[in-house]
1. Counting pairwise Cα distances across segment 45-101, what percent come out greater than 13 angstrom?
2. Above 13 angstrom, tally the Cα pairs of segment 11-54 and express them as a % of all pairs, no decimals.
3. So if I place +1 on the C-beta of Lys and Arg and -1 on the C-beta of Asp and Glu, and nothing else carries charge, what would the dipole magnitude of segment 1-90 be about its Cα centre? I want it in debye, nearest 20.
4. For the chain, modelled as a Gaussian network with Cα springs under 10 Å, which listed residue fluctuates most, G88, G13, G34?
5. What is the helix-to-structure angle for 15-29, meaning the angle in degrees between its Cα long axis and the longest Cα principal axis of the chain, kept from 0 to 90 and rounded to the nearest 10?
6. What is the percent of Cα-Cα separations in the chain that go past 21 Å?
7. Got a sec to turn the phi values of segment 46-60 into Karplus ³J(HN,Hα) couplings, 6.51 cos²θ - 1.76 cosθ + 1.60 with θ = phi - 60°, whole Hz, x for Gly and Pro?
8. Specify the angular offset, from 0 to 90 degrees and rounded to the nearest 10, of the alpha carbon long axis of helix 69-78 from the longest principal axis of the alpha carbons in the chain.
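Bear in mind these aren't lab numbers, they're just calculated from the coordinates by the rules spelled out. This one's a predicted model, so the numbers in the text were calculated from it and none came from an experiment. FYI the Cβ positions are ideal-geometry reconstructions off the backbone, even for glycines, and counts take in every protein chain you see.
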Amino acid sequence: MYVVCVTVHVTPGHEELFLDATLENARQSRQEPGNLRFDILQAEADAQQFFLYEAYRAKDDFTRHQQTPHYTKWKAIVAPWMAAPRQGIRHISRFPDETGW
């Protein structure tokens, strides 16, 4: 399983707009055959900080995700609302594996 964790800091006043756009992207991403999970978290102590947890069956599934119309649309829409470049860290999941979902 291939996991991508993305931290995003949104400019003040754009939290709800970011969340709405990200929810649309997440819902469509969950329809992709290789996507196992797409969580959106908002920091309790800082409402402008979001954490996206994305799990895919394989690295190639994530690569395909980045080429979908809904991802490219999301990326263009939210770019002006980012207070800093988003930070993405890619992982290989050791536990649970895809059979544990």
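1. Counting pairs separated by more than 13 Å, the tail of P(r) holds 72 percent.
2. When all Cα pairs of segment 11-54 are counted, 55 percent exceed 13 Å.
3. Roughly 440 debye for segment 1-90.
4. For the chain, modelled as a Gaussian network with Cα springs under 10 Å, the answer is G13.
5. 20
6. Distances greater than 21 Å cover 31 percent of the Cα pairs.
7. Using θ = phi - 60°, the values come out as 8, 5, 8, 10, 10, 10, 10, 10, 10, 10, 10, 4, 8, 4, 4 Hz.
8. Rounded to the nearest ten degrees, it is 30.
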